[in-house]
Amino acid sequence: MAPARPGPPESITCIDCGGECHRLGDEPEMGWEPGDLVVYRCRDCRDRWDIVVDADDLDGPDEPSF
Ligand SMILES: [Zn+2]
């Protein structure tokens, strides 16, 4: 089943060491909303990254931005 709309990625690249940071926790039942806090943990340096979802993250591919 495809998600209703895209949200924050499952993983991001660590700003410090370039390692892979995996998202902690699951997608909210009601889907992502702007202002939601997403936490990532780097598997290499164990740094924690808190990312706040903004509306741009939720723009779907059906809304081309160009
Ligand atoms: Zn790192």
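Tabulated data
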item	result
Sequence-distant residues sharing a close amide H with Gly19 (under 5 Å, placed H)	Cys14
Under 13 Å, Cβ to Cβ, from Arg23 - net charge with Lys/Arg +1 and Asp/Glu -1	-4
Dimensions (Å) - the stretch 11-58, Cα atoms, principal axes, largest first	31, 19, 12
Distant-in-sequence amide H partners of Asp47 (H built 1.01 Å from N, under 5 Å)	Cys42
Formal net charge of residues neighbouring Asp47 (Cβ-Cβ distance under 13 Å; K, R +1; D, E -1)	0
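FYI, it's all coordinate maths here, none of it is from the lab. What you see is a predicted model; the values in this text were computed from it and never measured. We place every Cβ from the backbone using ideal geometry, glycine too, and count neighbours over all the protein chains shown.
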